Every structure is written in structure tokens, then in C-alpha cells.
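S.K.: One structure, as C-alpha cells, below. Some questions next.
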Amino acid sequence: MGGNARTSAARHAELARPISGTIYHGADSQNIAQILERGLNPGYAGTNAGSLFGLGNYFALNSSKADIYTKPSRRYRSGARCVLVCRVLLGEPYRTVAPCQTIRKPPDDPLRHLSSVVALTLKASPMRGCVMYPEFVVFERAQCLPQYAIWYEHAAGCRCTHCAPPRFSG
Ligand SMILES: [Zn+2]
């Protein structure tokens, strides 16, 4: 894990303190222009990437995790994938150790106003964590400001699950 300030700030959100962070969002290349113009619409949540931790917009600390949710488009910049670098207001997160697919906002809490969902990693909570790499979910369009779009392609010969999907034989 790199030790730069951006990453450690977002990591604090997973572990301890309410904060905003600059984190990654992977999306279908066809939707990037619209997202940059209008922001991320939680109304589309789950249509591309599933919704294990609620019907919101998903972000990752790791660009490689965001890459999983990218989709190259033949029509738009042939073959290129895009990860968005986003400023995300996480506020006080609800830290979950289990899937919560159907929620449309963080759970009500009598003591705090919760603004986001963070899926705890096995590293943060060895007994109870539920993901390998942190995931962050927000439910309001205004909580996310896409700042940069990083366009890239996987190298020839790449062995990732996009480029070389595992094959199972009976
Ligand atoms: Zn690849």
C-alpha cells in the first residue's frame, strides 16, 4: 500500500474518522462524458456493477479495484477504459461487516448522522471484515465530485480477469 496523503486520508475513513477523500470510481466508458457533465447518479446504482452494500455510488481506494468496474467501449475511444478520480464526502460512515444490498441510505443511528457506507476489510477487522479492499458507498449525487478521468488500456498479454477470464472445465 502506498503511503501518500490521499490514500491515508481515505484509509482513516475506513478505520476511524469521518472525512472526505479522493478515491476511484470505475465506470462504463460510454458513460464517462455524461458523468463528468452531470455527476454520478445514484439512480443508476447497481446497473453496471451490482450493489452489495446498498443502492448508491461505489468507490475504491485501489485503482485496481475500480478497474474491475470499468468497461471499454468500441464506440467511444476504442478499447480504452476509464477510472474517475473523485472527491467524495463520506461524512460519518456506517461501517458494515456484511452485505446490505437493498439500502438506499445509511441506517438511522440515534447518536450520529451517518452519510456513507464503508465495507470493512479483513485487514481492518480480521474477525469480521467482509472485503479484501475497502469500498465506499454514497447515496447523494452532491457527495461526489468527479475531478479527473484517467483513460488507459490493459497491456497486451495482461493476465487480469478482464483480459484472461478464468476458464472452468467440467
Ligand atoms: Zn488486463
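Since every read-out is calculated from the coordinates, none of them should be taken as a lab result. Here the structure is a predicted model, which is why all the values come from computation and not from measurement. So basically every Cβ, Gly included, is an ideal-geometry build from the backbone, and we count neighbours across all protein chains shown.
S.K.: If only one of Gln147, Gln143 is within 26 Å of Ser73 (Cα to Cα), more than 16 Å from the ligand (Cβ to nearest atom) and not charged (D, E, K, R), which one is it?
M.R.: After applying the criteria, what remains is Gln147.
S.K.: Say whether the condition of being basic (Lys, Arg), free of Cβ contacts under 8 Å to residues at least 12 places away in the same chain and within 14 Å of the ligand (Cβ to nearest atom) is met by at least one residue in segment 62-70.
M.R.: The answer is no; no qualifying residue exists.
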